Amino acid sequence: MKNQLKIKCSIGILSSVVLLLTACGNGADATATDESGNMETPVKLTTISQGDLVSYVNLNATSVYLEKSYIKASISGYLQGNTVKVGDVVSNGQVLFSLVTKEARAIGNSVNQLDPGFKFSGLSKIRAAQSGFISSVSHQKGDYVQEGEALAVLSNKNSLVFLLDLPYEMRKILAGNQTVMLSLPDGEELKGSVGRALSSVDSLAQTQRFIIHVSAGHDIPENLVAGIRLVNTSSPKAITLPKSAVLSNETEDEFWVMKMQNDSVAVKVTVKKGLDEGKKIEILSPSFSAKDRFILTGNYGLADTAKVKIIR
C-alpha cells in the first residue's frame, strides 16, 4: 500500500511539472528575451514617405427641378378628358386636358341636332407650354374647375440641379472645388459645377444651399440624395508616416513616434502632427531622414526607451 501511495504521489507531481512547463512554453511566444535576460517586444518597422497629401470632407446634395409651371384651366367648366398621369413625359404643344363649359355641356348636343354643320362642341384644349414631365395632377375627369385653377404641375427637364447643403463656416473651401463629382446611390458618378448660393441659411443647421449644375443625359428623379467629396485642405510634398506609427494621449493634444536608435532600442520622439488623411499622417516637426526607422506595430504601451526585437 505504501509503495502504491508513493507511485500515485510521484505521478501527480510529474503531471503538475509537465503542465507548468507547457504553460511556460506557450507564454514564451508573446515576448522575447535577449542574452542577458531582458524582455524584448517584437515590432515591425516603417520609414517616412513624401508626397501630396489631401484631406476631404463628405457632404450630401439633393436633386431638384428648379423650373416648375402650373397647368391652369383656361375656362370654368368640366374636365372632359385627362391624357396625362404623374411621371408622364410630355412635349411642347402636347394636349394635356380638355374642358367643356356648363352651357356647352347642357346645350351642345341640341345645337348640333338643329344644325349639324355648326359643329358646336364647347371644348377647350389645354396644351403643354414646354417639354418636361408631370410631377403632380390635382384633378381628374369629370371634376368641375374654375378658370385659372391649377390642374397639374409640369417640371422642366432641363432645370435639373443638385442642392448642396454646406455648413456656413466651410464656404471658403468652395474656391478650390468649382468642379465636383457626385456619387449616386447606384454607383453612377456625375460631373458637376458649383453655381450660385441661395440667399437664405437654415436657422437650425446653419447651412447654406449651393446650386450644383449637372448634365445627366437621362432622367433623374427628384429628391435623390448624392454624395459629394470636397477637398478640405491639401499639403504638397508632405512628409508622412502610416497612421499606426503615430501615437497620442487620451486628449489627443500630444503626439509621438517610437524611433529606432539602433537595431534593438527604440526611443520616444514627440512630433507635431499636420494633416490626417485617414491612412497617413503628416509630420510637421521634427525633421526626419529617409534612413530613419519607426515602429509600425508593437509600439503601443512601450516605455520612453524600450528594448525591441525587429520582425522581418
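Taking the criterion of being part of a strand (DSSP E or B) and farther than 23 Å from THR46 by Cα, the residues of region 230-255 that qualify are LEU230, VAL231, ASN232, THR233, SER234. Hey, any hits in region 293-307 for a residue that's surrounded by fewer than 14 Cβ atoms within 10 Å (Cβ to Cβ), of a type in the set (D, E, K, R), out of contact with any helix residue (DSSP H, G or I) (no Cβ under 7 Å at 6 or more places or on another chain) and over 30 Å from VAL231 (Cα atoms)? Yes.
So that you can scan it fast, the table gives a plain yes or no per residue for (1) loosely packed, with under 13 Cβ neighbours inside 10 Å; (2) over 27 Å from ASP292 (Cα atoms):
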residue	(1), (2)
ILE220	no, yes
ASN223	yes, yes
GLY227	no, yes
PRO236	yes, no
THR240	no, no
SER244	no, no
ASN262	yes, no
VAL271	no, no
LEU275	no, no
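Contact map, region 262-290: residues that are at pLDDT below 95 paired with residues that are assigned to a loop (DSSP other than H, G, I, E, B) and surrounded by fewer than 17 Cβ atoms within 10 Å (Cβ to Cβ), Cβ distance under 7 Å, separation 6+ or inter-chain. Pairs shown: ALA290/THR47. Report, by residue number, each residue of region 187-207 that is of a type in the set (Gly, Ala, Ser) and either under 14 Å from ALA61 (Cα atoms) or outside any loop (DSSP other than H, G, I, E, B) (or both). Matches in region 187-207: GLY192, SER193, GLY195, ALA197, SER199, SER200.
Every residue, every condition in (1) modelled with pLDDT of 90 or more; (2) farther than 30 Å from ARG127 by Cα; (3) loosely packed, with under 13 Cβ neighbours inside 10 Å, yes or no:
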| site | (1), (2), (3) |
| --- | --- |
| ALA150 | yes, no, no |
| ASN158 | no, no, yes |
| LEU164 | yes, yes, no |
| TYR168 | yes, yes, yes |
| VAL180 | yes, yes, no |
| PRO185 | yes, yes, yes |
| LEU190 | yes, yes, no |
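Could you look through region 256-294, keep only residues that are of a type in the set (Gly, Ala, Ser) and assigned to a strand (DSSP E or B), and pick out the one that is nearest to THR305 (Cα to Cα)? Before you say what the answer is, go through the steps one by one.
Start the filter on region 256-294 by keeping residues that are of a type in the set (Gly, Ala, Ser), which leaves 264, 266, 274, 278, 285, 287, 289-290.
Imposing the further condition that a residue be assigned to a strand (DSSP E or B) reduces the set to 266, 274, 285.
Values: ALA266: 6, GLY274: 25, SER285: 20 Å.
Among those residues, the one meeting the criterion is ALA266.
For beta carbons closer than 9 Å, sequence separation of 6+ or different chains, a first residue in region 297-310 that is without any contact (Cβ under 8 Å) to a residue 60 or more places away in the chain and a second that is in a loop (DSSP other than H, G, I, E, B), the qualifying pairs are THR305/GLN261.
Can you spot a residue in region 42-49 that is at pLDDT below 90 and of a type in the set (Lys, Arg)?
Within region 42-49, the subset at pLDDT below 90 is none.
No - not one qualifying residue is present in region 42-49.
Taken over region 208-228, residues that are of a type in the set (Gly, Ala, Ser) and assigned to a strand (DSSP E or B) amount to 2.
The set of residues in region 134-179 that are within 21 Å of ARG105 (Cβ to Cβ) and among the aliphatic types (A, V, I, L, M) comprises VAL145, LEU151. Selection of region 140-168 for residues being more than 35 Å from the chain's Cα centre (by Cα) and basic (Lys, Arg) yields only LYS141.
The values are calculated or read from the model by the stated rules, or taken from the named source; none is laboratory data. All values reported here derive from a predicted model rather than from experimental measurement. Methodologically, a virtual Cβ is constructed for each residue, glycine included, from the backbone with ideal geometry; neighbour enumeration extends over all protein chains shown.
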